[in-house]
Every structure is written in structure tokens, then in C-alpha cells.
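Beneath this line is the structure, given in C-alpha cells, with notes to follow.
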Amino acid sequence: MSDLLLLGIETTCDETAAAVVRRREDGSGSILSNIVLSQFDEHAAYGGVVPEIAARAHVEVLDDVIARALRAAGVTLADLGGIAAAAGPGLIGGVIVGLTTAKALALAARKPLVAVNHLEAHALTARLTDSVPFPYLLLLVSGGHTQLVCVTGVGRYEKLGGTIDDAIGEAFDKTAKMLGLPYPGGPAVERAALGGDPNRFALPRPLLGRPEPNFSLSGLKTAVRLEALRIAPLSDHDVEDLCAGFQAAIVDVVTDRVRYGLRAMRERGHAPSALVLAGGVGANQAVRRALHKVAADGGTRLAVPPPELCTDNGAMIAWAGAERLALGRRDGLDFSPRARWPLAEVDAAQGAAATAPAA
Ligand code: KG4
Ligand code: ZN
């Protein structure tokens, strides 16, 4: 098989994104274009993503974002080997917009369609940016998901642990909202934490030392809220200290849980080639720094895409599409968008025909 050029479309949340990626025969890849239009302004007034507003905003700009991605890559639809779109999980209105557009383009240009699981796209991005071989331990930390996953191949995901309540990104977002910081909360909390004292408040580190690598964030979030209420009204300085304390607790929790995750992976007989950090929270510098050390202590290395490829983007969708297409996996135009679609069910959803080996 020769080089594959894939268009990728991402519309599962509040980013409208399209990109063109090349996958070479040797399995390496490069990004030819990557256009991301964030809807921050549309949602800022509400302190979070409003699904109906998101879906309408995708409809308004997606055609233009795709045209820009193709233009910036210097390619036309005819040059593509396939068209990939995130088919879930996510806000269903947005998913429908992206997947339907991809189907129309695939039909018109007579190209294969690849319906990509958004989580799988996060999971495989480090193979595009860092050529990470299988197997590896994935820490997927986004607005909606917090999971430790043993990745042994494309479509082969074994969940080792996950959150029993909030996702880490969600905890960042809720903490920001509670402290009057702007949406999206993660970057705002990280910025505020820079000037704060992480030791001023005694905040809990839930599940520390438990052998199953699960997470729990709701107790930490509540503790921050109680401290904020206790010392209200909050000065800028108080907010900085609360953010620093919250982020330090997150770093301690993530550090400990990943140590146990590495252990759990080895117990299953897999030696990780890397610890891969993926999802929006992977953009957090304190988390990245801490995990470098955890990986080294665990006899492996940390592979983490640059921050703009940790948050939602089209390149990760295009790349996951290319990895699947290279294995002969493509999808029918009747593929249904999915609001809920766990990583472990990626191939089950695609049906027998779609998972048949390449001809
Ligand atoms: O992967 P992503 O872009 O979208 C989802 O699939 O959810 O992740 C978004 C999440 C949000 O909760 C956001 O607050 C968080 O990632 N995030 C961060 C940072 N940048 C984004 N959390 C902590 N620190 C950051 N710098
Ligand atoms: Zn995401």
C-alpha cells in the first residue's frame, strides 16, 4: 500500500476542526494542515458548552473549515485516500453534523469513509507525533473521560481503571466556574495556579495507594468549594491559592494512579513502550512534568503530543482514520452517530464487514 492522505473532521464538542494527514507506508505520519475553530466565545456567557448552540455553530462554519484545511494542505478531495469523521462519543447534534458532512463528501468524491471513535483518536495521536509502538499505557484525561488503558493495537483497548465520578477535565472546569474563572476552566485554573501557594489549604487526595488504578474527583472538588465558602469573599490571591492547591492535589492523584496503572499493565504481561498522555488535560504543564518522572521511575518514557494536539483537533481524527484504513477497516454510509461509545467497544460498533482484513 502507498502513502495515504486522509481528511479528518472533528465536531463532537465545542471545536469545529478539520485536518489533512499523511500516513506513509512505514507507519510514520505527518500533518499537512490542521484548522481548529474554537467556539469559546459562543459558550463563555453560559460557563460551559450548550449543545444546541454548539451544533448550530458547527453547521455554520464546517464547510469553510474543511475548505481551508484542504487548501492549506495543497490537496483536493480527489487526492485523498479516505475521509474520516468523529462518529462519537460526544454531543449528538455536533456529531451528526460532522459525520453527515463526511458521508456526503465520501459519496460525492467516491472515497472510503472511516467513522472514528473520538477517544481512539486521542489514544492513537502519540503514534503520529512520537511514533510510539504498541503496547503502551494510555492515560486519557479529557473533559468527559478519565481512564487508564492498556493499548496493544489499533482497536485493542483494555481498560485498567477509570473515574468513579467526575472526569479530571470536568473537575478543572467545575472548580474554575466555582471560583469565578472563565470557561474553559482547565487553562484558567493552570494560569491562576502559577501565582498561588499549593500548601495553604489541606485538600484530599482520593484513592491514593489503592491497587486498582481508579480515580475519584468529586471529594476534592467539594473540599475546594467548602474552603472557598469558609474564607469568602475571595480575593484574587485566595483564588490563586485555591487553584494551586487543587492542581497540586490533581498532580499527586494522577502520579499515584499512573504508578499503579503501570504495575497493572505489567501484571497483565505487557511491557509498556511508553506512557502516553492524551486528551485536553494533557495540555497541563504541571501534569506533564509530574508524569515524566513517573514514566522514568517505571522504566519507560512519557510520550505526549504538543498541547494543541492534546485538545480536540482534526489531525487526530484523520490519523486514526489512516491507521484504520491501512488495516482495511472502512465504514458504510449507514454508520450511525453515537453519543455514547466506550473505547472497549470500538470494533464491536463497526460490524463484521468493516473489520475484515485488507483485501
Ligand atoms: O480533549 P478535550 O479538548 O475535549 C474533550 O474531549 O473533552 O478536553 C477538554 C478538557 C476540558 O475539561 C479542559 O478544561 C481541559 O481539557 N483542559 C485542561 C487544560 N487545557 C484543557 N485542563 C487542565 N489544564 C489545561 N491546561
Ligand atoms: Zn477530546
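Cross-link partners of Lys103 among aspartates and glutamates, defined as those whose alpha carbon lies under 16 angstrom from its own and excluding same-chain residues fewer than eight positions apart: Glu10, Asp63, Asp331, Asp334. Quick one: helix 314-326 against the long Cα principal axis of the chain, what's the angle to the nearest 10°, folded into 0 to 90? It works out to around 50 degrees. The protection proxy used here, the mean number of other Cβ atoms lying within 10 Å of each residue, ranks peptides 260-273, 144-157 as follows, highest first: 144-157, 260-273. Ellipticity at 222 nm from helices only: DSSP H runs of n ≥ 4 in the chain, each -39500 (n - 2.57), divided by the residue count, give -14000 deg cm²/dmol. First compute the accessible area of the chain with a 1.4 Å probe, then give the percent of it belonging to carbon and sulfur atoms. C and S fraction of accessible area: 53 percent. The residues of the range 217-307 expose, per residue, 40 Å² of accessible area to a 1.4 Å probe.
So which GluC sites (Glu not before Pro) in the range 1-71 pass both tests, a DSSP loop state and at most 15 other Cβ atoms within 10 Å of the Cβ? Sparse-neighbourhood loop GluC sites (Glu not before Pro): Glu25. Using R₀ = 22 Å, calculate the FRET efficiency as 1/(1 + (r/R₀)^6) where r is the Cβ-Cβ separation of Arg110 and Arg71; round to 0.05. Efficiency, rounded to the nearest 0.05: 0.55.
The stretch between Thr222 and Arg191, if pulled fully straight at 0.36 nm per residue, gains 9.0 nm over its current Cα-Cα span. Give the lysines whose C-alpha is closer than 30 Å to that of Lys159, dropping any in the same chain fewer than 8 places away, or say none. Candidates past the 8-residue exclusion: Lys174, Lys221, Lys293.
Judged by the mean number of other Cβ atoms found within 10 Å, the most tightly packed of the peptides 306-313, 87-94, 208-215 leads the ranking 87-94, 306-313, 208-215. Just how much of Arg68 is accessible, in Å², when a 1.4 Å probe is used and the result is rounded to the nearest 10? Ignoring ligands and nucleic acids, Arg68 comes out at about 90 Å².
Here r is the Cβ-Cβ distance between Tyr46 and Ala348 and R0 is 35 Å; the resulting FRET efficiency, rounded to 0.05, is 0.50.
The trypsin sites (Lys or Arg not before Pro) of the range 193-251 include none that meets both conditions, a loop assignment by DSSP and at most 14 other Cβ atoms within 10 Å of the site Cβ. Dipole size of the range 209-319 about its Cα centre, with +1 on Lys/Arg Cβ and -1 on Asp/Glu Cβ: approximately 540 debye, rounded to the nearest 20. The charge dipole of the range 89-228, taken about its Cα centre with unit charges on the Cβ of Lys, Arg, Asp and Glu (plus for the first two, minus for the last two), comes to roughly 340 debye. With every protein chain in place and a 1.4 angstrom probe, the accessible-area ranking of Ile164, Ile35, largest first, reads Ile164, Ile35. Between Ala271, Gly209, Val239, the Cα set farthest toward the positive side of the dipole of the range 182-274 (charges on each charged residue's Cβ, about the Cα centre) is that of Ala271.
What FRET efficiency comes out for Glu308 versus Glu158 if R0 is 35 angstrom and r is the Cβ-Cβ distance? Round to the nearest 0.05. The value I calculate is 0.75.
Quick check for me: using +1 on Lys/Arg Cβ and -1 on Asp/Glu Cβ, what's the dipole size of the chain about its Cα centre, in debye to the nearest 20?
880 debye
Modelled spin labels at Lys293 and Glu25, positioned 7 Å past Cα toward Cβ, are 4.6 nm from each other.
The values are calculated or read from the model by the stated rules, or taken from the named source; none is laboratory data. Computed from a prediction, not measured in an experiment: that's the story for all the values here. Counting neighbours? That spans all protein chains shown, and the Cβs are built from the backbone with ideal geometry, glycine included. Protein only, heavy atoms only, side chains kept; ligands, DNA and RNA dropped before computing areas. Shrake-Rupley method; radii C 1.70, N 1.55, O 1.52, S 1.80 Å.
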